[in-house]
1. For every helix of n ≥ 4 consecutive DSSP H residues, a contribution of -39,500 (n - 2.57) applies; sum these over the chain, divide by its total residues, and give [θ] at 222 nm rounded to the nearest 500 deg cm²/dmol.
2. Quick one: if you stick a label point 7 Å off each Cα along the C-beta vector at Phe579 and Glu136, how many nm between them?
3. In degrees between 0 and 90, to the nearest 10, how far off the longest principal axis of the chain does helix 546-555 point, with axes built from Cα atoms?
4. Across the chain, how large is the tail of the calculated P(r) beyond 37 Å, expressed as a percent of all Cα pairs?
5. Compute the long axis of helix 2-15 from its Cα atoms, compare it with the longest principal axis of the Cα atoms of the chain, and write down the angle in degrees, 0 to 90, nearest 10.
6. In the stretch 164-317, if every C-alpha pair distance is counted and binned at 10 Å from zero, what percent goes to each bin?
7. Using alpha carbon coordinates only, what is the Rg to Rh ratio of the stretch 30-76, with Rh defined as the Kirkwood radius?
8. What distance in nm separates the simple spin-label points at Arg220 and Glu79, each placed 7 Å from Cα in the Cβ direction?
Amino acid sequence: MENFLMYIGRVYQGRDSKAHRHKKNEGGSISQADHEKLTEASGIGIVTSDAEGKITSWNYAAERMFGIQSSAAIGKSMEIIIPKRFRDAHRAGLRRVAGGGSSSLIGQTVEVMAIRADGTEFPIILSLACWDSGGEMHFGAFMTDITERRAAEAKLEHRATHDQLTRLLGQKAFEHELARSLEDSACVAVFMIDLDNFKSINDSLGHPVGDTLLQSFALRLKAIAAPSWIIGRLGGDEFAIAVPIDAPLPDIQNTVDGLMRRISKTFSVDGHRLQIFASIGVAFGPTDSDNAEELIALADRAMFQAKRSGGRKVKLFDQAMRADIAARRQINDALILASKRDEWELFFQPQFDLSTRQLTGAEVLLRWRHPELGLIEPAVFMPVLETHLVAFEVGQWVLDESCRQLAAWRKTELKLPRISVNLFAAQFHAPSLKGNVMRTLAHHGLEPQDIELEITEKITLNFDRASIGPLYDLVACGVGVALDDFGTGFASLATLTRAPITQLKIDRRFVENIADDPHNRAVVAGMVAISDTLDVGLIAEGVETLEQAEQLQAMGCQIVQGFLFGKPMSAKDFEKFYFDRVACAAVA
Ligand code: C2E
Ligand code: CA
Ligand code: CA
């Protein structure tokens, strides 16, 4: 560009020099006639003016760009192509240069707005040159219309900031708009909306139907929204709305009720009538936070609570959630240290056969020995650890250390038949699971029959048959797989058909009231029947009283685990517990 400018400068320098005017093309320079042809043929609008800003030449490209013939332009002020609001600056610039000063625009390439004959404005790239001829200043403007380039850029930007499927704002853009709204409004309510049943619709009817449903949902949100609302799609089936309001609470209820009502009206997609339910979390800016990113996180937290309490609910962010977030954050950071500083420990809880009165195995349970806080139970750290980056690593450690301990015990008189190890979702990724388990067993000289992996349906629910393959391989090798907390999730029975289960673990809540609640008894009876029919093992956990044990045994559940027989205990305590029992048996 600079070379071109210099060249054009030379063109104009040459133009006013009479001596050169009709001179033949000498020494490689081109003639004045050629200059004019070049100017005319150029796709760049080239306009010259005198010191007062009167147009002295106007090429064909300028005619097309501004919709003004050169005959109409020449003699007029340059201001005909300058939008009104910039004209004062233009005049000041002319005066400055005429008075011997400099203009910041000369020699620069800048993007400015220009105006056409019909009054429409458009963006151009402008380069200005000026030169002195016979003691008078002249100006040359070189202009390129960049309307199309701008439109293409805007399209690209739209693509980058908007979700392609729904055309709603994406995560970053939503955050950006929310930040702007927080600056401009007295109060902003942020709604995080997560669809409760989208996954099952997507899985059962296919992704094209799922995509159309998301698009219809987005359209519905747009239809509900007032012009001031900001709507975004932040993830798969997660949407967000920011609503500028006057005050945090009074007028929010109507909005919430309206949202819920309109959201749950049926959609017609591809011949299916579909109903969507949502969990909604609400946080208020600036009351809860004046930071857009944090406000979204707080609304998200409230949404999570709504989801956890069964879905189809609206929860407002509150102080208890704030304390919860702070605690989770602390745990989150401390967990990284815990792994580095070897603060993990394993506890073992015995499992018994009521009919043979023999130990059948032990469940391995993780504990965190914090240097200041002491022994921490899973209820405190597990909700954070489960989704933490270190989960895989910790899970691997549990697997390895459990096997090491079992092998070490086997070398003494402590002959424990089997250990049950709980798996994290992170460990469940094919194809490493099978290899990891088999390698770890081999490393410690153990057999596949020596270990049982405990999985919950939370783990199996998100995996298809292909990813569950390694589990089938492991079972084929002889590794046990127990379905933990059986009966507590809504897909327990479905899990039985999609995963290779060798043992069912009756959850504590069914055992708790087994003596006096006929419903719980009926559920347990059903589980006994399922285990018989499918020929899989059955173990009851959380057995605390003799009465519960007797009831379970009478109903056909022989294997039990619970405080009645032994709490989870350290390896050392487990050894003592084991040998005390052996000693007791010998005396008896
Ligand atoms: P879970 O797998 O259902 O483990 C059984 C829980 O019930 C244990 O809690 C155990 O202490 C408790 N329990 C056993 N018998 C009784 C009883 O008679 N009465 C009562 N009230 N409770 C009993 P714990 O050790 O606090 O573990 C809680 C959960 O943490 C476990 O539930 C499991 O989901 C998770 N967890 C523990 N260790 C690991 C691990 O190494 N890996 C993974 N992925 N999860 C683990
Ligand atoms: Ca378990
Ligand atoms: Ca359990």
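1. Helices in the chain give a 222 nm mean residue ellipticity of -14000 deg cm²/dmol.
2. 11.5 nm
3. 90 degrees
4. So the pairs more than 37 Å apart make up 58 percent of the total in the chain.
5. 10 degrees
6. 12, 43, 35, 9, 1
7. When Rh is taken as the Kirkwood radius, the ratio is 0.99.
8. 5.8 nm
Any read-out appearing in this document is the output of simple, stated calculations on the displayed coordinates, not a laboratory observation. Keep in mind the model is a prediction, meaning the values are calculated, not measured. Counting neighbours? That spans all protein chains shown, and the Cβs are built from the backbone with ideal geometry, glycine included.
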